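Report on one structure; see the data block that follows.
The values are calculated or read from the model by the stated rules, or taken from the named source; none is laboratory data. Remember, it's a predicted structure, so these values are computed and weren't measured experimentally. Glycine gets a Cβ as well: all are built from the backbone with ideal geometry, and neighbour counts include every protein chain shown.
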Amino acid sequence: MRMFGKAGKAAAVAAIAALALTACGRTDSGSSSSSTGGGEAFPKDSLIGVALPQKTSENWVLAEKLFNDGLTGAGFKADVQFANGGVSEQQNQISAMVTKGAKVIIVGAIDGAQLGTQLQQAKDSGATVIAYDRLLLNTDNVDYYVAYDNFKVGVLQGQALLDGLKAKKPSGPYNIELFAGSPDDANAKVFFDGAMSVLKPKIDDGTLKVLSGQTSFEQAVTQGWKAENAQRRADTLLTGSYGTASLDGVLSPNDTLARAVLTSVKAAGKPLPVVTGQDSEVESVKSIMAGEQYSTINKDTRKLVEHAITMVKDLQAGKQLEINDKDSYNNGVKTVPAFLLPPQIVTMENVKTAYVDDPVLGPITK
Ligand code: BGC
């Protein structure tokens, strides 16, 4: 299944949808600095900017060190910034990277639709822009995208929820609730759509029942990917819709929110539901091993950062970049050439083998 439409829909803004229509048929023009011939495009010791969002999950924290080490190890100067203060801080950081002469700017956006002016500045300065993990929306000024296959992440989560429910009780109906990520993150809707591609037919045929009735993305979102927001919503759902009824399963888009939901259910004194996750955070991997959280997704940050750095090296050397997806990620204005990595589902069944190469999780899961 191609993700063209799904990623387009991630831009849940009417204006973006309108732009997508006008952009129909437009093909990627490629990066001005991605030459196909030989010769260095820029000096080897150039500055590379990396703008990361807030520390909403462990993967971002890991990425900071990996980018710093990997870029400096390759001879570049690295300017890696978090924007814990929010969108305007990230906008200022990207502008500063442009001013400092960064040749490539890698962006993990807080809000992929709010960086238009800064990405235009980057483009005008001749820098190449790579969207990292999260797509940059509604702009022509993004050259490449590197990420795990976000739609596939959602599909794996939806399937894991069904599998976990069946393992607990051979047949339905099962009561479930749906949680989504932050609506300003372009990935959140893609994860949700992937999961719903598996779950919706089962909701429609009555196998799954969402007692709250909250089945739309807008109803399921968790602002800022914040644990407290998910926990509060879970508390409200349990009180409002699960008096004597059991909650059998919860679609959670990541580990931070999965643990928040589990905390809420524990506080309500209810049996633990099957809960999905993502990111292979240490606490969640331990929780899976303890039989609490049902699943997570292995998206090894080291591989993602490594590929982003490979892109930078290829750009520097004036080489053609390796792209494995040319038509899935329409950002509302253009289809962004992407390199997608495959996510892996992890449950109790494969938790001992999934992380053998991981320096942190390997020893924990032995
Ligand atoms: C990332 C997830 C992460 C979430 C919250 C998403 O864009 O793809 O891995 O859980 O942000 O930080």
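Number of residues in segment 203-231 that are under 18 Å from the mean Cα position of the chain (by Cα) and in a helix (DSSP H, G or I): the value is 8. Looking at segment 265-359, none of the strands (runs of 3 or more DSSP E) lying wholly inside it contains 3 or more residues that are surrounded by fewer than 18 Cβ atoms within 10 Å (Cβ to Cβ). Is it the case that D184 is surrounded by fewer than 16 Cβ atoms within 10 Å (Cβ to Cβ) and either at pLDDT 95 or above or not β-branched (V, I, T) (or both)? Answer is no for this residue.
In this structure, does Y294 turn out to be of a type in the set (F, W, Y), assigned by TED's automatic domain parsing to the domain that holds N254 and in contact with a strand residue (DSSP E or B) (Cβ under 9 Å, 6 or more places away or on another chain)? Here the answer is yes, as Y294 does meet what is asked. Contact annotation: residue pairs with Cβ atoms under 6 Å, 6 or more positions apart or on different chains, pairing a residue in segment 100-118 that is on the phi > 0 side of the Ramachandran plot with a partner that is hydrophobic (A, V, I, L, M, F, W, C), are G101/L47.
Just one of (1) free of Cβ contacts under 8 Å to residues at least 12 places away in the same chain; (2) away from the ligand (no atom under 16 Å from the Cβ) fails for V61. It is (2).
State yes or no: is M3 modelled with pLDDT of 95 or more and either under 20 Å from M311 (Cβ atoms) or not charged (D, E, K, R) (or both)?
Working: modelled with pLDDT of 95 or more: no; either under 20 Å from M311 (Cβ atoms) or not charged (D, E, K, R) (or both): yes.
No, not satisfied.
Based on this model, can you work out whether A234 counts as part of a helix (DSSP H, G or I), crowded, with 17+ Cβ neighbours inside 10 Å and more than 16 Å from the ligand (Cβ to nearest atom)? Walk me through it before giving the result.
Working: part of a helix (DSSP H, G or I): yes; crowded, with 17+ Cβ neighbours inside 10 Å: yes; more than 16 Å from the ligand (Cβ to nearest atom): yes.
Judged against the criteria, A234 is a match.
Give segment 93-114 a look and list any residue that's surrounded by fewer than 21 Cβ atoms within 10 Å (Cβ to Cβ) and over 17 Å from L47 (Cα atoms), or say none. Answer for segment 93-114, where residues must be surrounded by fewer than 21 Cβ atoms within 10 Å (Cβ to Cβ) and over 17 Å from L47 (Cα atoms): D111, Q114.
Is it the case, given these coordinates, that I288 is among the hydrophobic types (A, V, I, L, M, F, W, C), modelled with pLDDT of 95 or more and under 18 Å from the mean Cα position of the chain (by Cα)? No, not satisfied. The set of residues in segment 181-211 being within 17 Å of P273 (Cβ to Cβ) and within 12 Å of the ligand (Cβ to nearest atom) is empty.
Residues in segment 82-99 that are touching a strand residue (DSSP E or B) at 6+ places or on another chain (Cβ under 6 Å) and over 17 Å from E64 (Cα atoms): 0 in all.
May I ask you to say which residue of V80, V155 is surrounded by fewer than 24 Cβ atoms within 10 Å (Cβ to Cβ), hydrophobic (A, V, I, L, M, F, W, C), more than 18 Å from H307 (Cβ to Cβ) and more than 12 Å from the ligand (Cβ to nearest atom)? Full working, then the answer.
On the way: V80 fails: more than 18 Å from H307 (Cβ to Cβ).
Every option except V155 fails the conditions.
Inclusion of V346 among residues that are more than 23 Å from L47 (Cα to Cα) and under 17 Å from the mean Cα position of the chain (by Cα) is warranted.
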